[in-house]
Amino acid sequence: MTENAKGFFGPFGGQFVPEPLIAALNDVDAAFQACKTDEVFQAEFARLLQEVVGRPSPLYFAKRLTEQVGGAKIYLKREDLNHTGAHKINNTLAQAMLAKAMGKTHLIAETGAGQHGVATATAAALMGLECSIYQGAEDVRRQKLNVFRMELLGAKVVPVTIGQQTLSEAIDVAIGAWIEDLDRSFYLLGSVCGPHPYPEMVMYFQGIIGREARAQILEKEGRLPDLLIAAVGGGSNAGGLFKPMIDDADVKIIGVEAGGRGDDLGDNAAALTFGKEGVLHGAKSYVLQDEAGETVPPHSISAGLDYPAVGPEHAYWKDTGRVKYTTISDHEALDAFGLLCRTEGIIPALESAHAVAEAIRTAPTMGKDEIIIVNLSGRGDKDCAEVARLAEAGV
Ligand SMILES: *Cc1c(COP(=O)(O)O)cnc(C)c1O
């Protein structure tokens, strides 16, 4: 492993990767930096966000939820209304455009539950690129519908059979496959994780969420919000909302990690709360690890939060104190899921239900004239079968 000096947020981030990847990452970085000032790229990206994703996503005042909970006004940033049902498509379309600009013909991506895989396969179909999605064999079994979706969209789903056969191993194998096929392939990473430039790049593309929310709340309320809340898995929907308001000192920010079924290692997915500094998947950050430094398999009711590390910029925001990170348990997330269904007619993703739960906990401690924006990162159709199963099992 070689440590390259680029892409650090304080002590976190970097490029802890095998030597052959450094040049490939530098090529991705060069294409990414160039796209920022490329008017043709930006105009095409803006068109896709509007015509394919359906942006801007509404900033919705949740009136009945606010009345039920009491205290601050709760607004929801409706990423659940995006094409494919979550925020992930914002990033996959942009990176697929970069792949094309670099002359690549094949997208490689990892997926856990399959949401990033579906969003990547969608972008590949739209742009006429080949697509291989690496998914742990255990997840392939658990997430049959998303596997079928990816295949419908023309992607090849490659089951990964090493270790726990879940997301962490899928990333290792997918990066290995990229090293074998660098000429033709582009690695399309799904969150603000991995080696530089991915954390910076995914944060930049997901920043559309916070830029829109900032303008929308100024339009609706004539001022900035008092508090932002979002769920943190790898950290891309949260970072996308937070980053454009990170320099607005009066805006408080809370990131919500998956507290799972308890505080012991293996019972949660809260890397910032219970993890230690370490290197995983090419970057230094907080990682859930045992005494020997072995990565501990995480647990969360929500597959999208089930990752043992977190994006390096969040680690930096935690250490500088700019963002406060809390946990919400499986049970609290399920309660919030149900309450949002009944008060607003919105079935949220279980990931997003963690953010809603934090708003339910915090709003009553705030004044009625104060404002919270919650990132509703995705819709919950994908989770209904699991919620029904848990209800039947009496969880
Ligand atoms: C994947 C996913 C997440 C977690 O990923 P982040 O990178 O932390 O945003 C959250 N919500 C939904 C709906 C997801 O699909």
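Couple of notes before you dig in:
- Restricted to helices (runs of 4 or more DSSP H) entirely inside region 1-95, those with at least 1 residues that are under 21 Å from Gly378 (Cβ atoms) are 39-48, 63-69.
- Any hit, region 253-274, residues being of a type in the set (A, V, I, L, M), within 16 Å of the ligand (Cβ to nearest atom) and without any contact (Cβ under 8 Å) to a residue 40 or more places away in the chain: yes
- Pick from region 288-312, criterion acidic (Asp, Glu) and in contact (Cβ under 8 Å) with a residue 12 or more places away in the chain, ranking: farthest from Leu76 (Cα to Cα): Asp290
- Listing of helices (runs of 4 or more DSSP H) fully contained in region 114-167 that carry 3 or more residues being farther than 26 Å from Ala101 by Cα and at pLDDT 95 or above: 144-152
- Of the residues in region 313-322, at least one is in contact (Cβ under 8 Å) with a residue 12 or more places away in the chain, within 13 Å of the ligand (Cβ to nearest atom), touching a strand residue (DSSP E or B) at 6+ places or on another chain (Cβ under 8 Å) and within 26 Å of Glu200 (Cβ to Cβ).
- Which listed residue is under 26 Å from Pro244 (Cβ atoms) and either of a type in the set (A, V, I, L, M, F, W, C) or in contact with a Phe, Trp or Tyr (Cβ under 7 Å, 6 or more places away or on another chain) (or both), from Ala336, Ala292, Ala303: Ala336
- Residue satisfying all of: in region 365-383; more than 14 Å from the ligand (Cβ to nearest atom) and either of a type in the set (D, E, K, R) or not in a strand (DSSP E or B) (or both); surrounded by the most Cβ atoms within 10 Å (Cβ to Cβ) among these: Met366
- Residue in region 338-347 that is within 30 Å of Pro11 (Cα to Cα), within 13 Å of the ligand (Cβ to nearest atom) and out of contact with any His (no Cβ under 6 Å at 6 or more places or on another chain) present: no
- Subset of region 334-355 [closer than 19 Å to Lys88 by Cβ and either crowded, with 21+ Cβ neighbours inside 10 Å or touching a residue at least 60 places away in the same chain (Cβ under 8 Å) (or both)]: Ile346, Pro348, Ala349, Leu350, Glu351, Ser352, Ala353, His354, Ala355
- Single residue of region 78-122 satisfying the filter (within 11 Å of the ligand (Cβ to nearest atom) and of a type in the set (Val, Ile, Thr)) that is surrounded by the fewest Cβ atoms within 10 Å (Cβ to Cβ): Thr84
- Where a residue in region 223-239 is touching a residue at least 12 places away in the same chain (Cβ under 8 Å) and its partner, wherever it lies, is near the ligand (Cβ under 8 Å from one of its atoms) and part of a strand (DSSP E or B), with Cβ under 6 Å and at least six apart: Asn237/Ala230; Ala238/Ala230
- Pairing each residue of region 4-28 that is among the charged types (D, E, K, R) with any residue that is surrounded by 22 or more Cβ atoms within 10 Å (Cβ to Cβ), provided the two are 6+ apart or on different chains, yields C-beta distances under 7 Å for Lys6/Gln15; Lys6/His196.
- Here the condition is being in a loop (DSSP other than H, G, I, E, B), crowded, with 24+ Cβ neighbours inside 10 Å and small (Gly, Ala, Ser); of Gly233, Gly259, Gly240, it holds for Gly233 alone.
- As a summary of the residue check, Val256 satisfies the conditions (1) among the β-branched types (Val, Ile, Thr); (2) in contact with a strand residue (DSSP E or B) (Cβ under 7 Å, 6 or more places away or on another chain); (3) over 30 Å from Leu390 (Cβ atoms) except for the one numbered (3).
- If you go through region 96-113 and keep only what is in contact with a helix residue (DSSP H, G or I) (Cβ under 7 Å, 6 or more places away or on another chain) and either free of Cβ contacts under 8 Å to residues at least 60 places away in the same chain or part of a strand (DSSP E or B) (or both), you end up with Lys100, Leu107, Ile108, Ala109, Glu110, Thr111.
- Scan of region 189-235 for residues that are within 16 Å of the ligand (Cβ to nearest atom), among the polar types (S, T, N, Q) and over 17 Å from Ala271 (Cβ atoms), ordered by number: Gln206
- Residue within region 54-67 that is surrounded by fewer than 16 Cβ atoms within 10 Å (Cβ to Cβ), polar (S, T, N, Q) and either modelled with pLDDT under 95 or more than 16 Å from the ligand (Cβ to nearest atom) (or both) present: no
The values are calculated or read from the model by the stated rules, or taken from the named source; none is laboratory data. The model shown is predicted, which means the values in this text are computed figures rather than measured ones. Here Cβ is always computed from backbone atoms with ideal geometry, including for glycine, and neighbour counts include all displayed protein chains.
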